[in-house]
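For reference, the structure discussed in these notes is given below.
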Amino acid sequence: MLQSKLFTKTRKEAPKDEVSKNAELLIRGGFIHKEMAGVYSYLPLGLRVIKKIENIIREEINGLGGQEIFMSTFHPKEKWVATGRWNTMDDLYKVKDSSGREVAIGPTHEEIVVPIAREYVSSYKDLPFSLYQFQNKFRMELRAKSGILRGREFLMKDLYSFSKDEKEHNDFYEKSKIAYKKIFERAGIGSKTYITFASGGTFSKYSQEFQTLAVTGEDTIHICEKCKVAVNEEIIAEQKVCPECDNDKLQKEKAIEVGNIFNLGTKFSDAFDLVYLDEKGEKKKVIMGCYGIGIGRLMGTIVEVLSDKDGIVWPKEVAPFSIHLVELGDSAEVRAKAEDIMARLEKEGIDVLYDDREVRPGEKFADSDLLGMPYRLVISERSLKEGKVEIKERKTGEMNMVSEKELFDKVFLKKLIGP
């Protein structure tokens with residue numbers, strides 16, 4: 001991708017009404033555009049990050065046996081009335097058309113997915129299964145001041161499991177925890193993310209959240225250093241010790257919730273009469289679970305916790321491009337060499353953003369740090385004379401001069417794009 005053809009440009013400052021680091025850096029870098037509080041458009045660079053996060057999640061959820069679907073945004077009122085949430089969900093957007101028909105704009109999809117499942121479940125042989133989607137959600141959020149961490153419109157992965165009994169459900173539930181850990185590790189925040197015990201509401205004693213340590217986080221968690229699990233402060237009054245090992249020395253930290261998993265029991269099966277016939281021909285209720293990850297929230301969390309004073313530091317698997325190729329000088333030889341290296345890298349399957357703009361070197365380097373690709377590769381008159389290229393790792397700042405032969409060594413290339 002030629003940076004000169006990228007329609008977005010970097011900015012020195014973010015809008016004055018932005019107070020969050022994630023929104024400030026993402027707007028300055030041209031990743032997102034603010035429409036109003038809690039509502040953002042994703043621009044080419046930002047959408048590349050979103051799609052890479054989606055692909056990580058898709059691979060891990062497919063590994064659980066999840067089947068991807070795409071459900072409607074408009075929800076019939078009667079389905080929300082059936083679950084009792086039409087009048088009890090405070091942040092539900094409701095729309096009335098010219099005929100007087102009322103619909104909900106989906107904040108979550110239990111009211112849609114369960115009636116769909118009911119069409120295809122009749123026997124114990126139809127279970128278990130799980131369905132998931134990537135879908136925009138809409139919630140009447142009153143505290144939309146944290147950039148893409150808390151929005152009125154946001155992209156979410158929601159997964160729903162359908163099981164015959166508690167054992168079958170628990171098996172999937174535990175496997176989902178492992179899949180979530182892998183997702184956050186691949187997204188670059190695994191070492192900072194803790195499984196956190198939170199209130200289970202009406203469904204069970206606990207639900208599990210995945211909380212990432214961040215000084216800007218809105219949540220407070222208490223971490224057990226022995227078990228590496230945490231307890232959300234909202235339940236610490238009744239759970240003063242670690243639920244895993246009874247350790248009473250818990251470390252208080254601020255964090256951002258990046259995912260959650262819930263036991264739903266038969267709440268929605270009851271509402272829509274989702275039943276199956278067991279081996280004896282007796283009717284049984286399907287047991288459900290739900291598992292969410294906010295895609296934009298995960299992207300914003302990565303920026304919050306991994307950026308530095310110069311800009312964003314993208315992990316390799318979610319970076320919009322693996323390499324930021326920077327051309328210095330305006331000679332035909334430098335341009336030809338940069339174009340040749342870009343073509344060879346792309347032939348190896350490596351995404352390259354090539355800064356071919358006619359601007360000062362200092363501006364190119366500052367923009368490269370702001371945009372935060374994992375590696376910066378510099379082609380200049382000096383590198384041509386030495387027969388080498390300069391490569392700098394964004395995360396560590398480590399800089400090396402390497403030959404083209406070394407650059408295109410398979411082991412070295414794998415290091416550049418590997419997890």
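Centroid-to-centroid, using Cα positions, region 34-91 and region 340-405 are 36 Å apart. Look at M140, M399, M299, M288 and count the other Cβ atoms within 10 Å of each Cβ; fewest to most, that gives M399, M140, M288, M299.
Separation of region 205-243 from region 152-185 is 19 Å, based on Cα centroids.
For region 61-185, just say rounded, prolate or oblate: build the C-alpha gyration tensor, square-root its eigenvalues into a ≥ b ≥ c, call rounded for a/c under 1.5, and beyond that prolate if a/b exceeds b/c, oblate if not. Before the final figure, lay out each step's value.
On the way: a/c = 2.37, a/b = 1.32, b/c = 1.80.
Here region 61-185 falls in the oblate category.
How much mean residue ellipticity at 222 nm does the chain get from its helices, if each DSSP H run of length 4 or more adds -39500 (n - 2.57) and you divide by all residues, to the nearest 500 deg cm²/dmol?
Numbers: 12 runs with 128 residues, N = 419.
It comes out at -9000 deg cm²/dmol, rounded to the nearest 500.
All other residues with a Cβ under 14 Å from the Cβ of R150 taken together, and with Lys, Arg as +1 and Asp, Glu as -1, what is their net charge? Kindly include the intermediate steps, with their values, before the conclusion.
On the way: positive: K21, K34, K137, R139, R143, K145, R152, R297; negative: E18, D91, E141, E153, E218, D219, E257, E304.
Every neighbour counted, the sum reads 0.
The calculated FRET efficiency for K226 paired with E168, based on their beta-carbon distance and R0 = 25 Å, is about 0.20. Here the extension length gained between F7 and I116 equals 35.1 nm, from 0.36 nm per residue of separation less the Cα-Cα distance. Against the main long axis of the alpha-carbon atoms of the chain, helix 295-306 sits at an angle near 50°.
What is the order of V95, V303, V352, fewest Cβ neighbours within 10 Å to most? Walk me through the numbers on the way to the answer.
Numbers: V95 12, V303 26, V352 22.
The fewest-first ordering by Cβ neighbours comes to V95, V352, V303.
Among residues other than V334 with Cβ under 9 Å from its Cβ, the summed charge is -2 (Lys and Arg +1, Asp and Glu -1). Enumerate the whole-percent occupancy of each 10 Å bin, from 0 to the last occupied one, for all C-alpha pair distances of the chain. Using 10 Å bins, I get a P(r) of 4, 19, 26, 23, 15, 8, 3, 0, 0 for the chain.
Please order R376, R101, R58, R152 by the number of other Cβ within 10 Å, starting at the fewest.
Details: R376 23, R101 10, R58 16, R152 20.
Ordered from fewest to most neighbouring Cβ atoms within 10 Å, R376, R101, R58, R152 come out as R101, R58, R152, R376.
Counting charges near E60 (Lys, Arg +1; Asp, Glu -1) among other residues having Cβ under 14 Å from its Cβ returns a value of +3.
Taken over the Cα atoms of region 74-124, the convex hull encloses 89 Å³ per residue.
Loop only by DSSP, 16 or fewer other Cβ within 10 Å of the Cβ. Give me the chymotrypsin sites (Phe, Trp or Tyr not before Pro) in region 326-409 that pass, ordered by residue number. Mind dumping the intermediate values first?
Working: sites: Y354, F365, Y375, F408; in loops: F408.
Counting only loop positions with at most 16 other Cβ atoms within 10 Å, the chymotrypsin sites (Phe, Trp or Tyr not before Pro) in region 326-409 are F408.
The loop-placed trypsin sites (Lys or Arg not before Pro) in region 220-326, going by DSSP, that have at most 15 neighbouring Cβ atoms within 10 Å of their Cβ come out as K226, K228, K240, K249, K280, K309. Note on region 323-417: antiparallel DSSP beta bridges, both residues inside, total approximately 50 percent of the bridges counted. Scattering from region 253-323 was approximated by placing one identical point on each alpha carbon and applying the Debye formula without solvent; log10 I(q)/I(0) at 0.12, 0.16, 0.26 1/Å stands at -0.57, -0.72, -1.15. Evaluated at q = 0.09, 0.13, 0.18 Å⁻¹, a Debye calculation over the C-alpha positions of region 293-419 (equal weights, vacuum) places log10 I(q)/I(0) at -0.25, -0.52, -0.97. For helix 361-371, report the angle its Cα long axis makes with the longest principal axis of the Cα atoms of the chain; keep it between 0 and 90° and round to the nearest 10°. In the chain, helix 361-371 runs at an angle near 10 degrees to the longest axis.
Quick note: the coordinates plus some simple rules give every number you see, no bench work behind them. In this text the structure is predicted, and so the values were computed from the model without any measurement. Cβ coordinates were reconstructed from backbone atoms using ideal geometry, including for glycine residues, and neighbour counts include every protein chain displayed.
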